[in-house]
Amino acid sequence: METQNNQLNYIEDTQGRWGIFAWIFSTDHKRIGILYLISITTFFLLAALMGGLMRLELIAPGETIMDAQTYNGLFTVHGIIMIFLVVIPGLGAVFGNFFLPIMIGARDVAFPRLNLFSWWIYMAGAILAVYSQFAGDGPPDTGWTFYAPYSTESGTNVVAAVFAAFVLGFSSILTGLNFIVTIHRMRAPGMTWFKMPLFPWSLYATAWIQVLATPIVGITLMMIVAERLFQIGFFDPALGGDPILYQHLFWIYSHPAVYIMILPAMGVITEIIPTFAKKSIFGYKAIALSSVAIAAVGYFVWGHHMYTSGMSGTARWFFSFLTFIVAIPSAIKVFNWVATMYKGSIDARTPFLYAATFIFLFMIGGLTGLVLGSLATDVHVHDTSFVVAHFHYIIFGGMGFAFFAAIHYWWPKMFGKMYNERVANIAWLITFVGFNVLYFPLFVIGIQGMPRRYFDYLPEFHAGHLISTIGAFILLSGLFLMIINIYRAKKHVTPAGDNPWGGVTLEWQVPSPPPTLNFDEIPTITKSPYSFEK
Amino acid sequence: MEEHRDDIGSRMGMWIFIFTELLLFGGLFLVYAIYRADYSAEFHTAAHELNAFIGALNTVILLVSSATVAMAITAVQKENKKLALILVAITLLMALFFLVNKYFEWGHKIHLGIYPGSELLTKLERGELLFFGLYYFMTGLHGFHIVVGMILLTVVFFKIKSGAINAGSFVLLENGGLYWHLVDLIWIFLFPLLYLLT
């Protein structure tokens with residue numbers, strides 16, 4: 001059996017299980033990665049459609065297609081699904097699970113059963129999150145941040161939604177724990193820390209944030225539940241509690257969570273750029289350590305969400321200062337990517353187009369982040385659509401486009417089939433244009449004073465909202481084209497080959513799709529991961 | 001597929017899990033610290049309501065149980081299966097004693113009308129209300145961890161019995177012990193903060 005298993009790839013090898021059970025009970029890290037891919041894509045499309053509906057409501061002033069309460073429910077549900085079900089697990093759960101063991105020369109993660117368990121917890125949380133939208137007294141209307149005291153008073157289904165976020169956090173912690181131990185214990189012989197590829201490095205930094213920050217939001221959300229069920233009083237001013245304390249506890253996790261989203265995205269870009277520039281990465285150690293620096297400093301900047309909530313002047317300049325500090329390692333990465341491309345022989349294939357787009361959009365998102373990080377300018381644009389535009393540039397333009405880059409880069413490896421590159425490039429162009437038409441006007445009307453989370457607006461914002469809604473539908477059509485095109489790759493008869501892009505990291509040395517045990521023999525590492533010189 | 005075994009890796013996993021548990025309680029300790037600073041006099045008064053004797057008794061119970069679980073590891077290493085089983089059983093019994101004490105302690109307070117949302121509590125000073133909110137939340141969450149620890153140690157008990165945990169392979173017992181020490185450690189901080197600072 002042993003040798004026979006070695007020859008089967010992971011898709012053919014059902015390990016004696018029948019049909020869907022071969023997937024949902026498999027402890028193979030590759031199959032678990034695919035499970036996450038399917039679940040996350042489904043939830044992404046659901047929440048993207050909700051976003052489309054919100055944009056449709058905002059196409060003209062006044063009530064267009066829904067009332068205010070429905071709109072409140074939609075932006076809350078859109079936020080909960082996108083943040084907790086899509087972007088936070090996102091790259092780590094899909095591509096981290098699939099490629100981390102292969103890239104470090106291991107057969108699986110350190111705790112395969114725990115890994116499968118994490119997916120089950122994720123699904124339990126997901127079902128609970130979706131349930132909260134339909135059961136009880138209507139979808140939660142607090143926004144995904146669940147700010148007290150409103151979240152302790154709102155008559156909607158807050159407890160289920162909050163508990164779902166708690167359960168999803170548990171899944172995130174276990175994945176992070178698994179990755180840390182995997183990276184410490186299972187690297188191939190000869191792979192020292194500084195011979196490890198940079199996507200695993202970014203996953204390592206991310207995993208520590210997952211492990212060290214998530215429990216804080218876990219306990220905070222439990223306090224919200226206790227507040228609602230037992231009137232425990234922690235965040236209720238009428239009972240002596242302090243709502244601002246909730247905001248602190250919430251952002252102690254939820255700001256580092258932004259780095260849980262973006263660090264693996266940066267890791268993906270760092271893999272793609274050298275492959276298509278045909279050149280070793282510039283500043284390997286700087287990129288590796290800047291991931292760790294972002295993770296460490298990112299822990300202490302949460303206060304910049306609360307400049308207008310009531311904090312001492314000292315606390316405010318302190319948080320502002322650290323916010324500027326955390327921009328430095330992010331910029332280091334951007335400079336290194338550009339320097340890697342410099343004088344490279346760039347092959348602008350589909351994954352590269354997405355990766356380059358990431359850099360462009362991430363820079364717009366990052367620089368507008370500094371506008372928000374400065375004390376004086378933040379007061380002006382706080383809680384306006386400027387903030388909405390900023391974080392969509394970072395999260396969608398950053399993490400989202402990195403996800404698209406990753407799926408186009410690794411798809412031929414995961415399934416052994418190449419998609420139609422011409423259609424993929426057209427989809428890229430439509431998505432890129434649609435994205436900017438959708439979000440850029442929000443910067444402009446945000447500066448002019450358009451508040452966020454409003455279902456109605458003054459006539460002077462009409463032009464901006466109209467352009468933005470048009471952009472939303474361009475973007476959605478681009479997304480559908482992209483997904484259909486990738487899905488249709490399975491119809492291609494000719495295999496993609498083991499190394500269609502000429503990559504040099506370990507995943508390109510194994511067959512496509514990889515065999516169940518990844519390697520016939522665990523490789524011994526002697527060179528840096530990005531040596532293109534023969 | 002051959003079974004991958006890495007005891008150091010398993011222990012590392014447990015330690016990282018313990019970090020997350022510490023941070024989980026860390027959030028609560030933070031809330032405690034802030035409200036203690038805001039309402040120090042009222043916390044002082046409210047703490048008189050707690051029975052320091054039962055608190056001290058439970059501290060002794062947990063310390064003894066921590067010692068017995070540590071001794072069980074040595075017993076397994078010395079291949080003394082019977083002693084190991086007795087020691088884990090004592091640990092479980094101590095945990096049960098702890099919960100029984102807690103039951104009477106909570107029951108007595110609820111009988112007096114001191115529980116979150118009660119009429120009596122809403123008439124008290126705000127700081128006292130928050131103190132009892134924290135008391136129930138913190139000891140409740142800790143009690144939940146005691147139950148989880150008991151389940152874990154019951155599994156360990158049967159694995160020692162079946163021989164799955166033996167002198168050559170006892171990382172599960174070690175991890176169960178580590179978890180139990182964590183539960184003990186958190187109590188060591190809860191006890192003075194809630195019962196003794198009067």
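Things worth noting here:
- Trypsin sites (Lys or Arg not before Pro) within the stretch B:1-105: DSSP coil, no more than 15 neighbouring Cβ in 10 Å: B:Arg5, B:Lys78
- Within the stretch B:19-62, backbone nitrogen closer than 16 Å to the virtual label 7 Å beyond the Cα of B:Glu125 toward Cβ: B:35-50
- Given 11 as the ceiling on other Cβ atoms within 10 Å, longest exposed-site-free region of chain A for GluC sites (Glu not before Pro) in DSSP loops: A:13-520
- Paramagnetic reach from A:Arg453 (point 7 Å along Cα→Cβ, amide N under 12 Å) across the stretch A:304-325: none
- Under-5 Å amide H pairs with A:Thr384, H placed in peptide plane, nonlocal only: A:Arg452
- The phi-based Karplus calculation (6.51 cos²θ - 1.76 cosθ + 1.60; θ = phi - 60°) puts the 3J(HN,Hα) values of the stretch A:391-398 at 7, 6, 5, 6, 7, 7, x, x Hz, whole numbers, x for Gly and Pro.
- The stretch B:165-198 residues near the modelled B:Glu49 label - backbone nitrogen below 19 Å, point 7 Å along Cα→Cβ: B:190-198
- Computed over neighbours whose Cβ is under 12 Å from that of A:Pro243, the net charge equals -4, Lys and Arg +1, Asp and Glu -1.
- Among the listed pairs A:Lys279/A:Lys491; A:Lys30/A:Lys343; A:Lys30/A:Lys417; A:Lys195/A:Lys333, those beyond 24 Å (Cα-Cα): A:Lys279/A:Lys491; A:Lys30/A:Lys343
- Exposed loop sites are taken as GluC sites (Glu not before Pro) in a DSSP loop (any state but H, G, I, E or B) with at most 11 other beta carbon atoms within 10 Å; the longest stretch of chain B without one runs B:80-198.
- Amide H partners (placed H, <5 Å) of A:Lys417, local residues excluded: A:Ala496
- Extending 7 Å from the Cα toward the beta-carbon at both A:Phe360 and A:Thr192 defines two label points whose distance is 4.0 nm.
- Straight-line reach from B:Lys78: taking Cα to Cα under 26 Å and skipping same-chain neighbours fewer than 8 places apart, the lysines in range are B:Lys159, B:Lys161.
- Backbone HN-Hα couplings from phi across the stretch B:139-148 [Karplus 6.51/-1.76/1.60, Hz, Gly and Pro as x]: 6, x, 5, 5, x, 4, 5, 4, 4, 4
- Tensor-based shape of the protein assembly as shown (alpha-carbon gyration tensor, a/c under 1.5 rounded, otherwise prolate or oblate): oblate
- Electrostatic bookkeeping for B:Ile8 treats Lys and Arg as +1 and Asp and Glu as -1; over the other residues with beta carbon under 15 Å from its beta carbon, the sum is +1.
- Loop-resident trypsin sites (Lys or Arg not before Pro) (DSSP state other than H, G, I, E or B) in the stretch A:333-385 with no more than 12 further Cβ atoms inside 10 Å of their Cβ: A:Lys343.
- Inter-label distance for A:Lys285 and B:Gln77, nm, one decimal - labels placed 7 Å from Cα along Cα-to-Cβ: 3.9 nm
- Other residues whose C-beta falls under 13 angstrom from the C-beta of A:Thr64 contribute a net charge of -3, scoring Lys and Arg +1 and Asp and Glu -1.
- The alpha-carbon of B:Lys81 sits under 18 angstrom from the alpha-carbons of these aspartates and glutamates, leaving out residues fewer than 8 places away in its chain: B:Glu174.
- Amide H contacts under 5 Å for A:Met191: A:Ile525, restricted to partners 5 or more places along the chain or on a different chain, H placed in the peptide plane at 1.01 Å from N.
- Taking 7 Å steps out from each Cα toward its Cβ at A:Leu56 and A:Ile127 produces label points 3.0 nm apart.
- For the stretch A:355-365, 3J(HN,Hα) per residue [Karplus equation, 6.51 cos²θ - 1.76 cosθ + 1.60, θ = phi - 60°, Hz, x = Gly/Pro]: 5, 5, 4, 3, 4, 4, 5, 5, 5, 4, x
None of the figures in this text is laboratory data; all of them are computed from the coordinates on show. Quantities reported herein were computed from a predicted structural model and do not represent experimental measurements. Note that each Cβ is placed from the backbone with ideal geometry, even for glycine, and that neighbours are counted across all protein chains shown.
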